[in-house]
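Written below as structure tokens is the structure these notes are about.
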Amino acid sequence: MSSSYPYVCPTCGTANILHDIGCKYEHTDLSEFEKPYIDLLSVLTAHAAQNEVYMAKPVISKKVLVRKVEQLHDHNPWLEKHNDCLQRLIDERRVIWEHGGLRLIKPGEQTERLIPGFEPLRTIYEYGPVDGAKDYAVFTMVSWCTLKEMTWEQTKNFCTEWLEETGSWERESWAEGSISELLREKHHVWKHDLGWGDMANAAKNEIDNSGVEKGIDIRDKYGAKYEDYE
């Protein structure tokens with residue numbers, strides 16, 4: 001697995017050359033997102049480090065972030081890609097809103113705070129697997145944990161909590177005798193960095209048509225803000 005932040009498409013989340021159909025960046029090479037991510041992360045990291053020295057709150061307003069990004073280089077305007085990459089960082093809980101500003105999550109906090117806040121993974125996370133696409137949902141969640149560079153132990157813990165909190169393990173019919181057995185069968189997904197491809201959309205469609213109730217509410221559980229971050 002990569003040891004650095006993967007420069008995924010901020011809209012569809014792909015980490016390879018194939019974007020989702022209809023993605024606004026469908027014909028954009030992933031290398032074009034590297035600079036916006038680096039601009040954002042370099043400013044957020046430097047700001048947090050400086051504020052820590054002065055024992056100040058490690059947050060930065062959106063307005064100041066924009067100004068500092070534009071000051072990084074000559075002719076470095078804030079682009080739509082910067083805005084979309086920032087939203088992706090917020091959706092993935094790499095960056096959070098706190099005390100009226102933006103804060104970069106420290107490495108030790110990432111596993112605890114990372115949640116899939118973007119569609120179709122958000123629906124899968126909040127509702128859990130349903131009959132008809134259970135395997136797709138579990139495959140997708142393990143694949144997402146791999147993308148977030150979780151260890152296998154962290155992945156198992158995350159997915160176990162997810163299956164229990166959504167009620168999916170009790171609600172649905174499973175061929176496996178335990179969650180541990182189910183996840184053992186998905187170890188290859190984590191080991192070989194397998195992407196979820198069309199599985200996530202298929203799992204979301206089954207969930208949308210199932211009528212099941214939401215088991216996890218991201219806003220209630222994490223107090224996260226995903227919109228109105230100007």
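Would you check if S173 is free of Cβ contacts under 8 Å to residues at least 60 places away in the same chain, out of contact with any Pro (no Cβ under 8 Å at 6 or more places or on another chain) and in a helix (DSSP H, G or I)?
On the way: free of Cβ contacts under 8 Å to residues at least 60 places away in the same chain: yes; out of contact with any Pro (no Cβ under 8 Å at 6 or more places or on another chain): yes; in a helix (DSSP H, G or I): no.
Here the answer is no, as S173 does not meet what is asked.
Here is a list: E170, E185, E164. Which entry is closer than 18 Å to R122 by Cα, among the acidic types (D, E) and at pLDDT 90 or above? Before you say what the answer is, go through the steps one by one.
On the way: E170 fails: closer than 18 Å to R122 by Cα; E185 fails: closer than 18 Å to R122 by Cα.
Answer to the check: E164.
Counting residues that are within 15 Å of D131 (Cα to Cα), which helices (runs of 4 or more DSSP H) fully inside region 183-223 reach at least 2?
Values: elements: 187-191, 199-210, 218-222.
By residue number, 199-210.
Any idea which residue in region 186-206 is farthest from the chain's Cα centre (by Cα), counting only those that are surrounded by 14 or more Cβ atoms within 10 Å (Cβ to Cβ) and among the charged types (D, E, K, R)? I'd like the intermediate steps shown before the answer.
Filtering region 186-206 for residues surrounded by 14 or more Cβ atoms within 10 Å (Cβ to Cβ) gives 186, 189-190, 194-197, 199-206.
So of that shortlist, the ones also among the charged types (D, E, K, R) come out as 186, 204, 206.
Details: K186: 20, K204: 16, E206: 21 Å.
Among those residues, the one meeting the criterion is E206.
The values are calculated or read from the model by the stated rules, or taken from the named source; none is laboratory data. It should be emphasised that the depicted structure is a prediction, and the values quoted were computed from it without experimental measurement. Glycine also receives a Cβ, built like all others from the backbone with ideal geometry; neighbour counts cover every protein chain displayed.
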